[in-house]
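Please treat every number below as a calculation from the coordinates, not as lab data. For clarity, every value in this text was computed on a predicted model and none was experimentally measured. Positions of Cβ are backbone-derived with ideal geometry, glycine not excepted, and every protein chain shown enters the neighbour counts.
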Amino acid sequence: MEHLEFEFKGSGNRQVDRQATLVGVVSSGNLEVMLENVDLHGLCRINVSTSAQGFTEIWQAVLNDFAARYDLADLQISINDGGATPAVVCLRLDQAMEEYLEALT
Amino acid sequence: MATRKWHTQAENRRARLLRAAEVCEGKIVPCERMTALIEKVLEPGDRVCLEGNNQKQADFLARCLAQVDPQRVYDLHMVQSVIALPSHIELFERGIANKVDFSYSGPMGTRMAQLVADDKIKIGAIHTYLELFGRYFIDLPPKVSLIVAHSADSQGNLYTGPNTEDTPTIVEATAFKSGIVIAQVNQIVEDLPRVDIPADWVDFVTEAPTPHLLEPLFTRDPAQISEIQILMAMMVIKGIYAEYDVNRLNHGVGFNTAAIELLLPTYADSLGLKGKICRNWMLNPHPTLIPAIEAGFVESVYSPGSELGMEDYVRARPDVFFNGSDGSQRTNRAFSHAAGHYACDLFIGSSLQMDLQGNSSTVTLDRITGFGGAPNLGADARGRRHASPAWLKAGREAQSGLTTTPRGRKLVVQIMETYREHMQPAFVERLDAWEMMEKTGMELPPIMVYGDDISHVVTEEGIANLLLCRTDEERNEAIRGVAGYTPLGLGRSHSVVENLRDRGIIRRPEDLGVDRRMATRDLLAARSVKELVHWSGGLYQPPKRFRNW
Amino acid sequence: MSDLSGLRRGQSYYEATARSRISGLLDSNSFQELLGPADRLTSPHLEPLGQPCSFNDGIIIGSGKLHGLSVLIASQEGGFMGGAVGEVHGAKLTGLLERAVNEKPAAVLLLLESGGVRLHEANAGLIAISEVIRALLSTRAAGIPVVGLIGGANGCFGGMGIVARCCDTLIINEEGRLGLSGPDVIETTMGVEEFDSNDRALVWRTVGGKHRYLLGEVQHLVEDDIEAFRATAINIIDEVQSPCLEPLERSSELQKLTLESLQQEHLDLSRRLENYGHCQDGTEIWSEMCIDDPEKLPLMDIPRFFKAVENNI
């Protein structure tokens, strides 16, 4: 298992007092993504636990693009990964954000 | 001037038949005499065609051939579409044969590589089907062909049933060049439903102890189609089929193309495309095409071979398929691939690796897999002279300013997720095919589809239209622009890619108006084999390995 | 041309995740999760073995409303390690059943999808299964019906197969499978001649929903549609809730948990062995049951299946 941590500075609005959002299932080639509001002084922190080792650079690239797409702050994103491809990772992240943003409105 | 003899081949044939008469009388041979007969008929160094495609197999005759005495029969030169059975490999391990010209060796790819490494096999060349068939009539006519049919009558007429496949081609090349044709059949009957091969082209027939093998190679379980594949299929339908009015086409086999087939009655229908796209097909009867046929998308399907379990469904849809007077399907791989090459406007398929030039290959380092039919279908037909809207539009796009002669272009589409499972990148700097070439001493890298034949590359990131690229650099950047987070994709220049996007060379789902959120399995017309059975009105009878009820 | 029935369909139970099964089954927005993902109650055993963990440890538990009635519910996620039961997973399920004794909901719904004990946590998983069984029987003894629902891709096998048969009543779809040893296990230990686990049609004729229904091990066979599972569960609970019946005699269809009922069960089982013990295949048993054209049963849709067997069960 490999544990990776990424932090991004964002300006998105801080939301509090809401339940965690979880999408996806941990299985071979798949992952679960959990979103939680946490006071991180404006940061968005992403923790990845993955069974596929040695792909830090690819995670960095995928998450850079993700962070740039949504501009998030005070959000803790936790990922349990069973070796998903970047395509699946992007899809789950977008689904999680969609569910998260839907619950805000 | 010495008189030249003009009948040596016929005399040789007579000599072989005389030797055969030592072990059997007449045309119908008991199966237990078959190995002895083959031994009598063959001579060392013969070119032998062993019928077998990735569907039906002359498996009994293959076993008989593998049992001959290698002291008497050796150094055979095998010519065959597919190397698929353990007995095929045994021929080389036992020294019965030492050379092969073939098309495909999917399931035996690893053992083939081992035979090459052990110097037990010499590969003449790896071909596409139509190319190998062509050589049967030019420089590789078989001396003896071991073929397979469904049934025979006492005269030796053959009925091939829905899976005619390669049989007529092989028999034609052998019987009309003084060769000898030996057939295995499942049963010998009084009356055949129809005659697919006339008796006077066939020398010997045997009733095999077990029915011949038949692989359901073209069955894809919709349960395994992923959301990513659905997203890509939506892009193909909206961004290619609709835009080019693609009506005459061929699909490769795989989950990517199965997804397209299953989106026709749902997504394509919602775009108002019924009757406007996907009407005439060159395709095995894919079970995943059933919903599109039932929904009225498909007008006709001509097939290289049938598909196990689809027989009754095909029989009940004679307006769509090519069926004989007996009602069952007639297939023909040679005609199908000629049709696929010249009469189809589009081919779409997947492969395992693509390089920056767009060359693609299914070769990996330890497996010699071959090509099958894809290179013939996935190639621009330079000899084509008839026009169609899709062909003309592609031709216009491909034309750079200098040429003024109008000419069309085939659409050759490669569809693949940027990473395969276990994080294997689909886009690579250098194809494994090059290393395979170096290791085995081939003259060419085994490339499935050449980059200059490819018109579009589709990945989860979007579509790259290579027709519109004007320089090699542009093509490279267009491929990088859809290569995702692979090393090739990460090497892209964002500004160049954005420029290509402005020019419509790269199109993202949002550029195409494809809503990613719709890309769920609910969009599939059938999510399981059971739903395919329901669509077929109970006519489709899936092989037991595809059932989960 | 056949109609477009392939398109008119409900939400597949077989395809759904554990979470979407719950939301499809219960009254909308009524589910309250207990020990949800944010509590991070994950398995301590997987990380040392290089296996990814899941925030739910493969099971979602909580409370909600079914047709207005309070129920407790658990749903195993087959996608995560085949729904296999580990220490935490089992403890969540046990805790839910124990909570039922205190809370007295109208029923406990167990959405079962599991290959059995998680091999990575062997002993802890085995103990967990026995704790689940004990808790389940206590719940039933307290007069709270436990309804099992089976219909996911991984079936319900091993220890969870036993748990399933401890429930008051079971609902299954034809894709669902119920058994003790899974098909692969049987093939591995007894040989492919005994049981070919790749012959999927044979697997379903042996452990599939229709066969389990015909044998009487499962009381309700439904279409692969979450709505059909929901409707059946509502019917069961409505019947149980009927006020004119005493708790332990509420329904003829719920198995009573008494010494007599267990003895009767044993008698039925030995009779079954006597009647069908010589059969090699599900179709032979159906033939013994005097069902016409037994080989046609597997391909029938549910309404036609009921019609074909209505006089034989």
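How much FRET efficiency would the formula 1/(1 + (r/R0)^6) give for B:T405 and B:L444, where r is the Cβ-Cβ distance and R0 is 22 Å, rounded to 0.05? Here the calculated transfer efficiency is 0.15.
Remark: the Cα gyration tensor places chain C in the rounded category, a/c being less than 1.5. A DSSP coil position with no more than 15 other Cβ atoms inside 10 Å describes the following chymotrypsin sites (Phe, Trp or Tyr not before Pro) in the range B:98-194: B:F137, B:F176. For the residue pairs B:K56/B:K177; B:K143/B:K439; B:K27/B:K143; B:K27/B:K544, the alpha carbons lie more than 29 Å apart in B:K143/B:K439; B:K27/B:K544.
In chain B, helices alone account for a calculated mean residue ellipticity at 222 nm of -7500 deg cm²/dmol, with every DSSP H run of four or more residues adding -39,500 (n - 2.57). Roughly how far apart, in whole Å, are the Cα centres of the range B:3-75 and the range B:80-119? Their Cα centres are 19 Å away from one another. Relative to the dominant Cα principal axis of chain A, helix A:86-104 is inclined by about 20°. Using a simple spin-label model with pseudo-atoms 7 Å out from Cα toward Cβ, B:D75 and C:N198 lie 3.9 nm apart.
Starting from the Cα of C:D293, move 7 Å in the Cα-to-Cβ direction to define the label point; list residues of the range B:525-543 whose amide nitrogen is under 18 Å from there. Under 18 Å, as judged by backbone N against the label point of C:D293, lie B:533-542 of the range B:525-543. Helix A:56-70 versus the longest principal axis of chain A: what is the Cα-based angle in degrees, 0 to 90, to the nearest 10? Its long axis makes an angle of about 30 degrees.
The fewest-to-most ranking of C:W286, A:W59, B:W201, C:W204 by surrounding Cβ atoms within 10 Å reads B:W201, A:W59, C:W204, C:W286. Each of the GluC sites (Glu not before Pro) that DSSP puts in a loop and that has at most 12 other Cβ atoms within 10 Å breaks chain B; the longest unbroken stretch is B:191-428. Here the scattering of the range B:17-171 is modelled by Debye summation over its C-alpha atoms, one equal scatterer each and no solvent; at q = 0.09, 0.11, 0.20 Å⁻¹ the log10 of I(q)/I(0) is -0.27, -0.41, -1.39. From the Cα gyration tensor of the protein assembly as shown, with a ≥ b ≥ c the square roots of its eigenvalues, which class applies: rounded if a/c is under 1.5, or else prolate if a/b is larger than b/c, or else oblate? Oblate, since a/c reaches 1.5 and b/c is not below a/b.
Distance from the Cα centre of the range B:494-524 to that of the range B:360-398, in angstrom? Centre-to-centre distance over Cα atoms comes out at 24 Å.
Neighbour counts of C-beta atoms inside 10 Å place C:I171, C:I127 in the sequence C:I127, C:I171, starting with the fewest. Calculated mean residue ellipticity at 222 nm for chain C: -12000 deg cm²/dmol, from DSSP H runs with n ≥ 4 weighted as -39500 (n - 2.57), summed, divided by the residue count and rounded to 500.
Tell me, how many Å apart are the Cα centres for the range B:202-220 and for the range B:425-479? Cα centres, the range B:202-220 to the range B:425-479: 37 Å. Legend: mean number of C-beta atoms from other chains within 10 angstrom of residue C-beta atoms, peptide C:200-207, equals 4.
Taken over the range C:163-313, the ratio of Cα radius of gyration to 2.2 N^0.38 Å equals 1.13. For B:H212, B:H286, the sequence from fewest to most other C-beta atoms within 10 Å is B:H212, B:H286.
Could you tell me whether the range A:1-69 comes out rounded, prolate or oblate from its Cα gyration tensor? Rule is a ≥ b ≥ c as square roots of the eigenvalues, rounded for a/c under 1.5, then prolate if a/b exceeds b/c, otherwise oblate. Oblate, since a/c reaches 1.5 and b/c is not below a/b.
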